[in-house]
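Below: one structure, written as structure tokens.
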Amino acid sequence: MRFIKLIFLLVLFQLNAQQGGMWIPSLLEGMNEGEMRNLGSKLSASDIYNVNSSSLKDAIGHFNGGCTSEVISDQGLLLTNHHCGYSQIQSHSSLENDYITNGFWAKSLKEEIPNNGLYVEFIVRIEDVTEVMLKGITDAMSPREKQSRIDKNKYAFEKTIRKEEWQDFRIRPFYQGNQYFLFITERFEDIRLVGAPPVSIGKFGSDTDNWVWPRHTGDFSLFRIYADKNNRPAKYSEDNRPYKPKHFLPISLDGVEEGDFTMVFGFPGRTNEYLPAVAIEQITQKINPLNIAMREAALEVINANMMEDDLVRIQYASKQARIANSWKKWIGENLGIEKSGAIEIKKNFEAEFTKELNKQGKAAEYGNILPQFDKLYSEFEDTNLKRNSFSQVFLVTNELMKIMLRLAQMELASQKGEAAFNKARENTISQIRSIHKNYSVKVDKGVFNNVMPMFTDNVDASIYETTAFVDLDKALAVLDGEMNEVITRLNNDPAYRYAKPMVIEYYQNVEPEYQRLSTEIGALQTQYMKALMEIMPNERYFPDANRTMRVTYGKVNGYSPRDAVYYNPVTYLDGVIEKYVPGDYEFDVPEKLRRLYENKDYGNYADKNGKLPICFLGTNHTTGGNSGSPAIDAEGNLVGLNFDRVWEGTMSDIYYDPEICRNIMVDLRYVLFIIDKYAEADHLIREMKLVHPKK
């Protein structure tokens, strides 16, 4: 019986080790380190994070603030997703040099292409600064008083931070503001495009396969970090040289099998794992359906025009991807919440929390939290819907309305004087130029006609015939001159007269109410987080993602999305050929790749059965921002490149279910195969350190 009990505890421990979690790398010693070992890891906490010597963290870079990347050679070669580098690939593309369709491979350092504004940031060290940040905070303070005190503490503390002159820092709240960490960073701003496969490989499956399994996408691109002569961050210069990293990741040629340990290291964007049930109900039953419908209406127009016109296809490639990605994610999120019964599970958990409150005599202190959530979210719903619909029109789908929003903000700035106006005008002109670089009046007008009826009854598409702002030169002419002249001309423009009342309504009524209620909900969420950790201390609590460096660990595992269906955890090149549809924008396959498949010319990259792996699944808890994150094996080698999640598991941002939540990774052997055999860029392969850890 004792032996059986020990086995049961071991199995329970293994299961718990896969229950999700995005852990701070500087705090892995103890429970996390033990869990990783139990899953098969041979890495110590200091192998992963170390301030005094090189460690895995030194190879992991925050890619342009929205994705993750990793250094894979001693010459600063950088790997990330194709979709993370997509806007750079697209910006260098034209009808004459269509890098989207044909791919791009620099054959030497001289051919590597600079990217204005692109940066990669590394973490130098992480420090817990909770005591400093929360000094003087008491429970008797109002949310505004607490925030004021925190701001004062932060301002005073920032003057004492130790760092090198080329380094920067940021302070971030964790556990809903119950804990704070300092991050010292180094930002490199000379990042050059080295290689990218054609879209038929890098985005194979496109919208149809996005967020689903089985997947056969070679979602990767290569960049290089350049530094000054002292190996320090610098702006672009011809004198800069390839960066010499503190650490780079060796690449395993042995790949993975089901049950293997995997660790994903990166910068996850945003999760909300501790929301109450009433919040999840509002998100999935009210907010998501609205956002899905509005984006679907925009995509209907954009997709049709991209298929008809090659120029539009290039112009709108990056925009379409951004709109479609969240659209499909929200659909999957709703499906996953329903399938997992997350709302009911949350309600049961809240009932247990209430029971414990009463049992411990803490009802007077914390008993108001859940009823107050119900009250606040009821008030919040209408404002939340209005704000989301405004965002979909004026920030996401319609570019003329984006311009109108910027113009209204510029006019508001004029109330602060000419200096504020001129600064706002400069930013507005920059935004208008950026939009018009890849703009089609026909497409934008079609989007307007499809989306605007969901926002207002006042739909007037005639503004496209009379406004100056669908033409770059005319738009710039309106904005040229003295402040008062510009404001007068602006208010005579038909599109601006149409949009301005909507923008004013938003800023005067919607946004202030949204901020008021968000502040109250946020303060209550902070109190709820504190209460949970105090009342139910044996639960697992990891901090929500907030674009800071995290580690998540798990195993290579398949899953069962529905009755009688089981998905194996690895896909192969055979599946690419099975999906092949000649000429189809989603499932076309390059002739050279088909020839390599027919000849089984896989080089050193096939598995032990002679098949070429493409993608694999893991139980790692990931989210947006983990795109481009390395999948690292038990010994610290690179085996995969994270790029997606399965559709049924996209709800892991608000509820992680270990049964159906899976992340999707490109097998590094496929990446190497494409670089070597398809692109014939073996000079890049020679930069890397290839290893056989299993042999």
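All of the numbers you see were taken from the coordinates with simple rules; none came from a lab. If you're wondering where the values come from, they're calculated on a predicted model, not measured in any experiment. Because the Cβ atoms are built from the backbone with ideal geometry, glycine has one as well, and the counts that use them run over all protein chains shown.
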- Hydrodynamic radius of the range 339-456 per Kirkwood, over alpha carbon pairs, in Å: 18.7 Å
- Nitroxide proxy distance, nm - points 7 Å out along Cα→Cβ at Ser237 and Arg172: 3.1 nm
- Any idea which of Asn303, Leu249, Thr262 is furthest toward the positive side of the dipole for the range 224-330, if Lys and Arg beta-carbons carry +1 and Asp and Glu beta-carbons -1? Leu249
- Message: What do you get for trypsin sites (Lys or Arg not before Pro) in the range 28-109 restricted to DSSP loop and a cutoff of at most 16 other Cβ within 10 Å of the site's Cβ?
- Response: Lys42, Lys107
- Over 18 Å (Cα to Cα) - which of Lys347/Lys375; Lys203/Lys445; Lys110/Lys677; Lys555/Lys694; Lys42/Lys694; Lys608/Lys694 fall in this group: Lys203/Lys445; Lys110/Lys677
- In sequence order, what are the phi-derived ³J(HN,Hα) couplings for the range 583-597 according to the Karplus relation 6.51 cos²θ - 1.76 cosθ + 1.60 with θ = phi - 60°, rounded to whole Hz, with x for glycine and proline? x, 6, 5, 9, 10, 6, 10, x, 4, 5, 5, 5, 5, 4, 5
- What is the list of residues in the range 142-173 whose amide nitrogen lies under 20 Å from a point 7 angstrom out from the Cα of Lys135, following Cα to Cβ? 145-163, 169-173
- Query: Quick one: if you stick a label point 7 Å off each Cα along the C-beta vector at Lys246 and Glu300, how many nm between them?
  - Reply: 5.3 nm
- Please name which of Met36, Val443, Asn334 has its Cα lying farthest along the dipole of the chain towards the positive end, using unit charges on Cβ (Lys, Arg +1; Asp, Glu -1) and the Cα centre as origin. Met36
- Task: Find how much the distance from Glu257 to Ala364 grows on full extension, using 0.36 nm per residue of separation minus their present alpha carbon separation; answer in nm with one decimal.
- Result: 33.3 nm
- 18 Å reach of a label modelled at Tyr567, 7 Å along Cα-to-Cβ, counting backbone N of the range 175-206: 203-206
- Where in the range 132-170 are there GluC sites (Glu not before Pro) that are in a DSSP coil and have at most 13 other Cβ atoms within 10 angstrom of their Cβ? Glu164, Glu165
- About the Cα centre of the range 121-188, how large is the charge dipole given +1 on each Lys and Arg Cβ and -1 on each Asp and Glu Cβ? Please answer in debye to the nearest 20. 220 debye
- Message: Quick check: the distance between the Cα centres of the range 546-600 and the range 124-188, to the nearest angstrom?
- Response: 43 Å
- Query: If amide H atoms are built 1.01 Å from N in the plane of the peptide, which residues on other chains or at least 5 residues away come under 5 Å of the amide H of Tyr180?
  - Reply: Val129, Thr130, Phe174
- Given 0.36 nm per residue, what is the gain on full extension from Glu29 to Lys42 after removing their alpha carbon distance, in nm? 3.3 nm
- Item | More than 16 Å apart - percent of Cα-Cα pairs taken over the range 121-188 | 49 percent
- Task: Normalising by the residue count of the chain, find the relative contact order in percent from Cα pairs under 8 Å and 6+ residues apart.
- Result: 24 percent
- Round to a whole angstrom and tell me the spacing of the C-alpha centers of the range 314-334 and the range 451-465. 23 Å
- Task: Report, largest value first, the span of the C-alpha coordinates of the range 277-531 along each principal axis, in whole Å.
- Result: 71, 47, 29
- Query: Semi-axes, largest first, in whole Å: what does sqrt of 5 times each Cα gyration tensor eigenvalue give for the range 512-640?
  - Reply: 43, 20, 15
- Considering only DSSP states other than H, G, I, E and B, which trypsin sites (Lys or Arg not before Pro) in the range 266-311 qualify as loop sites with at most 13 other Cβ atoms within 10 Å? Arg270
- Query: With charges only on Cβ, +1 for K and R and -1 for D and E, what is the dipole size of the range 164-232 about its Cα centre, in debye, rounded to 20?
  - Reply: 100 debye
- Message: How charged is the neighbourhood of Cys661? Take every other residue with its Cβ under 14 Å from the Cβ of Cys661, and add Lys/Arg as +1 and Asp/Glu as -1.
- Response: -2
- Normalised Cα Rg of the range 414-454, dividing by 2.2 N^0.38 Å with N its residue count, works out at 1.64
- Message: Would any residue of the range 391-420 have its amide N under 17 Å from a label point 7 Å out along Cα→Cβ of Glu426? List them or say none.
- Response: 410-411, 413-414, 416-420
- Note on the structure: For the range 415-421, in residue order, the Karplus 3J(HN,Hα) values (coefficients 6.51, -1.76, 1.60; θ = phi - 60°; whole Hz; Gly and Pro = x) are 5, 9, x, 5, 5, 5, 4
- Pairwise centroid distance, computed over Cα atoms, of the range 215-282 with the range 619-638, Å: 8 Å
- Task: Straight distance only, please: which aspartates and glutamates reach the Cα of Lys474 with their own Cα at less than 17 Å, same-chain residues fewer than 8 apart left out?
- Result: Glu399, Glu426, Glu465, Glu482, Glu485, Asp493
